[in-house]
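The values are calculated or read from the model by the stated rules, or taken from the named source; none is laboratory data. Being a predicted model, the structure only gives us computed values, none of them experimental. Glycine also receives a Cβ, built like all others from the backbone with ideal geometry; neighbour counts cover every protein chain displayed.
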Amino acid sequence: MAKYVFVTGGVLSGLGKGITTASMGLLLKSMGYPVTSIKIDPYVNVDAGTMNPYMHGEVFVTEDGGETDLDLGHYERFLDVNLSKDNNITTGKIYLEVITKERRGDYLGQTVQIIPHVTDEIKSKVREIARRSSADVVLVEIGGTVGDIEGLPFLEAARQMRLEEGPRGVIFVHVVLVPRLSTTGEFKTKPAQHSFQELRRIGIQPDLIVARSEKPLDGGVKSKLALFGNVRVEEVVNSYDVDPVYEVPLILRSQGVDRLLASKLGLEYREPDLGPWVELVERFKKLSRTVRVAMVGKYTALKD
């Protein structure tokens, strides 16, 4: 039976939840566990194909022709897998399925509601992807920010799955921003504290906190985050800005994320085989010249 890692975000969007999710997936895969990843986007669009990339970001096209969120590209590159359009779940897809079932009479006259019908559909989609992939661990990134009204049904579904699968069947990883004031050089944890409160208000207690920052955090900041996040200090890990981003899995591993994931999911710990990944990172760091490539496309001013 598959185990699930739900990744949520706080303070603001665009923190790097996708890279964090892909990095944890790489660590688990390097330990010999088959993994897959799902991106949940709470917008009401059915897919990303009709959305302005300046508002949403680059569209990633899967091998089955699906127009999906760019995070699926991160998953494919880090995990070396081919995902399908089904690995991108949106509010539009869920509501379309629920309304179709209601019109067909599947609910037998029930009053169709967010709970349980929409949340049940979300859980069904996640479990179906897990079943088809035959993965031991399924990483599920919930887009947006904790507290967004659009994301509440997905967070509620995740909370219910924790209850149904047990504490070793579902774990929560919360990614928060720890901003640094340029005037004083001080890291501020107050936004993260409010994010923890909002997550607990929904009924979710994080098992692991990933603190995103511009520069490495000191021990005092991590201790403060642990106190307000209600976790042990070693369960707060720091993901700071690096170039290339392919170094992030190595940074997480250096802080024991591989052991934490194995322990919390009830998996046997195996030493990750990251040799090829280390070589990849080293090659990126030793690039000696720039090659200019001409491309023709739309939305070319988009930094994504």
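Within this structure, T90 fails the test of being touching a Ser or Thr at 6+ places or on another chain (Cβ under 6 Å), β-branched (V, I, T) and within 23 Å of A130 (Cβ to Cβ). In this structure, is F172 part of a helix (DSSP H, G or I), touching a helix residue (DSSP H, G or I) at 6+ places or on another chain (Cβ under 8 Å) and crowded, with 22+ Cβ neighbours inside 10 Å? Considered against the rule, which asks whether it is part of a helix (DSSP H, G or I), touching a helix residue (DSSP H, G or I) at 6+ places or on another chain (Cβ under 8 Å) and crowded, with 22+ Cβ neighbours inside 10 Å, F172 comes out as no. In the range 51-95, the residue that is surrounded by the most Cβ atoms within 10 Å (Cβ to Cβ) out of those that are in a helix (DSSP H, G or I) and charged (D, E, K, R) is D71. A Cβ distance below 7 Å, combined with a sequence gap of six or more or placement on separate chains, defines the contacts here; from the range 36-50, residues that are part of a strand (DSSP E or B) reach residues that are surrounded by 14 or more Cβ atoms within 10 Å (Cβ to Cβ) and among the hydroxyl-bearing types (S, T, Y) in the pairs T36/S133; S37/T21; S37/Y75; D41/T90.
Output yes when any residue across the range 258-270 is touching a Phe, Trp or Tyr at 6+ places or on another chain (Cβ under 7 Å), at pLDDT 95 or above, of a type in the set (D, E, K, R) and surrounded by fewer than 20 Cβ atoms within 10 Å (Cβ to Cβ), and no when none is.
yes
For the range 127-147, the condition holds for at least one residue, the condition being that it is surrounded by fewer than 24 Cβ atoms within 10 Å (Cβ to Cβ), at pLDDT below 95 and more than 24 Å from H74 (Cα to Cα). Exactly one residue among Q205, Q193, Q160, Q197 is at pLDDT 95 or above, of a type outside the set (S, T, Y), part of a loop (DSSP other than H, G, I, E, B) and surrounded by fewer than 22 Cβ atoms within 10 Å (Cβ to Cβ), and that residue is Q205.
Determine whether the range 186-195 contains at least one residue that is in contact with a strand residue (DSSP E or B) (Cβ under 6 Å, 6 or more places away or on another chain) and in contact (Cβ under 8 Å) with a residue 40 or more places away in the chain.
Step one: list which residues in the range 186-195 are in contact with a strand residue (DSSP E or B) (Cβ under 6 Å, 6 or more places away or on another chain), which gives 187, 192, 195.
Those left that are additionally in contact (Cβ under 8 Å) with a residue 40 or more places away in the chain: 192, 195.
Yes, the range 186-195 has at least one match.
Going by what's in this entry, would G297 be described as more than 29 Å from G220 (Cα to Cα), among the small types (G, A, S) and modelled with pLDDT of 95 or more? Answer is no for this residue. The residues of the range 1-34 that are hydrophobic (A, V, I, L, M, F, W, C), part of a loop (DSSP other than H, G, I, E, B) and either over 18 Å from Q193 (Cα atoms) or in contact with a Ser or Thr (Cβ under 8 Å, 6 or more places away or on another chain) (or both), listed by number, are M1, A2, V11, L12, M31.
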